[in-house]
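Here's the structure, in structure tokens; my notes come after.
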């Protein structure tokens, strides 16, 4: 009987160790971690309490559908995720502390490994890392196993918190499942950075990492054309200020009022308002029957009409004939380069001088002499004002 129990315990441990990882390691966040969690916890006490109340109702979360969430083909995946999430119970305070301390050893191991690698110049062996941590190789493997299991348990038991926060950011341009995934990456990072000895609940600390990961994902992926993060932050301030002013004034605020509220010049405000506009596909169908694409209705201002192309060709031909009849080969080359007749852009005096191995002053003299010839009345009449 004792052997059967031992075999069962061993099989359960192996099964838990070999189970599929829910989380992947998130990239190092460049955001500053809040140094004063006491102030943060006091300011967001109500938010945290609401989240904890929502987190403790696992059965409701299993069948939850967020307000404003439109049913899609991903509903089956969302439902399956909720059912899987409800399998893992919430942690008690003492369990959080114990698991967090085991997870901390994983960070100690990484720090010791990085320190040895910097000293040795190559990847250190497990034995060397164990010696640095003053333990045997078997003890190290056991502590690492306990840390991985503890981290996995903390993540699984707090996925409800990820869903609760992700629901607040629906209809922002990122699918619900993607929001949950990004929030889970933030939860993974919070698990690695959490210090249980400071006396804060894990949910209070993890809330900020989860929210930061979700909002960063929205800023990066919600728009067809990505905007820099600092521009997205300004757009969020603009939207918030516009909403507050509308409530105060009872009408839409003017441009001057918005600029004063945001303390920015009017041109910058107009630029931000332009950036707020959503991109629209040229293949977007319009009309009552949606039989016309938007690109069919837009004029390409850069594309010349056949008449304009013909006029340009005739003009170039006339100019080249005049230059060949009136100017010397050197003068013709200088005028062509200076006015961009043979290049995409006009050349400066210095650039032309480098081509012909002449000084800037000599190039200017050749250009002046050529222009005097071209300004003669009978020549000017032929050019019809193209160069004059």
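Just so you know, all these numbers are worked out from the coordinates, no wet-lab data involved. None of the values given here were measured: they were computed from a predicted structure. Because the Cβ atoms are built from the backbone with ideal geometry, glycine has one as well, and the counts that use them run over all protein chains shown.
If you average the alpha carbon positions of the stretch 302-373 and of the stretch 216-244, how far apart do those two centres end up, in angstrom?
With the stretch 302-373 and the stretch 216-244 each reduced to a Cα centre, they are spaced 48 Å.
So how far, in whole Å, is the C-alpha centre of the stretch 93-151 from the one of the stretch 170-193?
Between the Cα centres of the stretch 93-151 and the stretch 170-193 lies a distance of 27 Å.
Could you tell me the calculated FRET efficiency between residue 122 and residue 178, based on Cβ-Cβ distance and R0 = 41 angstrom, to the nearest 0.05? Let's see the in-between values first.
Numbers: r = 39 Å, r/R0 = 0.95.
So the FRET efficiency works out to roughly 0.60.
So how much slack lies between residue 324 and residue 375, counting 0.36 nm per residue of separation and subtracting their Cα-Cα distance, in nm?
Contour length minus Cα-Cα distance gives 16.9 nm.
Of 155, 165, how do they rank once you tally other Cβ atoms within 10 Å and put the fewest first?
Details: 155 21, 165 24.
By the 10 Å Cβ count, ascending: 155, 165.
Given points 7 Å out from each Cα along the Cα-Cβ axis, report the residue 240 to residue 316 separation in nanometres with one decimal.
Each label point lies 7 Å from its Cα, and together they span 5.6 nm.
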